[in-house]
Amino acid sequence: SRIQAALDGSLSELQRLITDGVGSLVETLCEKAARSPADIGVVSLVGNPAMQQLFLGMAPDNLATVPFDPVLTEPSTRAAKDSLPRCENATLLVVPDIAGYVGADTVGAVLATKLDSADDNVLLVDIGTNGEMVLRANGRMAACSTAAGPALEGAKITFGMRGAPGAIDKVWLEDGELRSHVIGDTEATGICGSGLIDAVASFLDLGLINKRGRIQSTEETNGQRVLYLNGNIYLTPNDIHEVMLAKGAIAAGVELLAKTLGIEVSDIDRVLLAGAFGSFLNADNACRIGLLPAGLEGKATAVGNAAGVGACRMALSRAEFERTAELLKHIQFVELANLPDFMTVFARRMGFTEREVD
């Protein structure tokens, strides 16, 4: 929607909104540090390709049509004051993108986790509306982006919301009974992504969702079967379907990246879950529902805001920033939609397999 708005004539307005937002954050940080924005010498900024281009005032038409090629393909610098007027003495580091939908935030995460120097098979995953992932195996790296959809960020879910007070963020079974935690320890008003994954895993354990994603409960609301979580909060058949689309896309991406590098999914030694969502995700439940394929159980670790850590590394070391040019030469981008078996793998990964349903 942002890309389309920019193409429809709102590029300047979108640029103003994002630069004002970042500028406000800079002001807040400077106040806490008792510094002036004029004292800042380097601004290192990472983000997805669309947001990067909007920040820089670059029309994102390249991201609207095939082949979705990135325009920021080399590390470069410019005056930060062009985008952040109060950072009048700073140099802005423009971090390159891997592909049209694998951005500088993923580059930052690769740097932060030292993925390029790992001597085992490591999968880096950042799950959001797009699920970006990079796999290192057999001395090679391959990256892809999966259209996971907004379900895991709370959108298109009946009671979906972001991880804020009132959101169910954890669901579990205790003596066969469903239990849940609400952010802020208040009355539940919705459910966020981490709670959604927990809920589906719990309902699978209870036998209330079958392998095709159909609800087995007899409870109905507005003429459809539903699964109640907490008070008036429930999941609908469409909610389950949205989760299946998201998990199918991500799991297919993992499987096809592994195939590209000549390994099996079970050969992956470690899974690094990046980003805010990854930090709160119950990895066991992610495997339970098939979001992460079987064979990755017990291998996942949350690595937090890896993109931000990578941005810090580049701000503190010009060598790290310049190294991104070489790094991109060694990351093979895989366009999943162009693979002949993508739709087959995606369709198979959408369902809950026998392993995932007791």
Percent antiparallel among DSSP beta bridges confined to the chain, nearest 5, equals 60 percent
If unit charges are put on Cβ atoms (+1 for Lys and Arg, -1 for Asp and Glu) and the dipole of the range 230-358 is taken about its Cα centre, the option from Asn230, Ala274, Leu327 lying farthest towards the positive end turns out to be Leu327
Computed from every Cα-Cα pair in the range 259-311, P(r) in 10 Å bins starting at 0 and rounded to whole percents is 25, 46, 27, 2
Row for the range 70-134, column shape: gyration tensor on C-alpha, a ≥ b ≥ c, rounded if a/c < 1.5 i.e. under 1.5, prolate if a/b over b/c, else oblate; value prolate
Relative to the compact-globule estimate 2.2 N^0.38 Å (N residues), the Cα gyration radius of the range 24-120 stands at a ratio of 1.22
Gyration tensor (Cα only) of the range 82-187 to equivalent ellipsoid, semi-axes in Å sorted down, yields 34, 23, 14
In deg cm²/dmol, rounded to the nearest 500, the helical mean residue ellipticity at 222 nm of the chain, built from -39500 (n - 2.57) for every DSSP H run of length 4 or more, is -11000 deg cm²/dmol
Given (1) 19.2; (2) 26.3; (3) 25.4 as possible values of mean projected area of the Cα convex hull in nm², the one from the coordinates is (1)
Computed for the chain: size of charge dipole around the Cα centre, +1 on C-beta of each Lys and Arg, -1 on C-beta of each Asp and Glu, debye to nearest 20, value 380 debye
With every protein chain kept in place and a 1.4 Å probe, the range 106-244 has an accessible area per residue in Å² of 42 Å²
The distance between the Cα centres of the range 286-358 and the range 205-242, in whole Å, is 29 Å
Taking max minus min of the Cα coordinates of the range 202-358 on each principal axis, largest first, gives extents in Å of 61, 37, 27
Mean Cβ-within-10 Å packing, highest first, puts peptides 216-228, 13-25 in the order 13-25, 216-228
Probe 1.4 Å, all chains present, heavy atoms only: Lys299 accessible area in Å², nearest 10, is 50 Å²
Counting only protein heavy atoms and leaving out ligands, DNA and RNA, the solvent-accessible surface of Phe277 at a 1.4 Å probe, in Å² to the nearest 10, equals 40 Å²
Counting only protein heavy atoms with a 1.4 Å probe and every protein chain in place, the carbon and sulfur fraction of the accessible surface of the range 219-319 in whole percent equals 49 percent
In a Gaussian network model of the chain with springs linking alpha carbons closer than 10 Å, the residue among Glu177, Glu74, Glu187 that fluctuates most is Glu177
Expected max-MSF residue from Ser279, Ser194, Ser145 in the GNM of the chain (alpha carbon, under 10 Å) is Ser279
The pairs in Lys247/Lys299; Lys81/Lys114; Lys156/Lys247; Lys81/Lys329 lying past 20 Å Cα-Cα in this model are Lys81/Lys114; Lys81/Lys329
The range 52-101: Kirkwood hydrodynamic radius (Cα pairs, Å) comes out at 11.8 Å
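The values are calculated or read from the model by the stated rules, or taken from the named source; none is laboratory data. Note that this is a predicted model, so its numbers are computed, not measured. FYI the Cβ positions are ideal-geometry reconstructions off the backbone, even for glycines, and counts take in every protein chain you see. All accessible areas refer to the heavy atoms of the entire protein, side chains included, with ligands and DNA or RNA removed. Shrake-Rupley method; radii C 1.70, N 1.55, O 1.52, S 1.80 Å.
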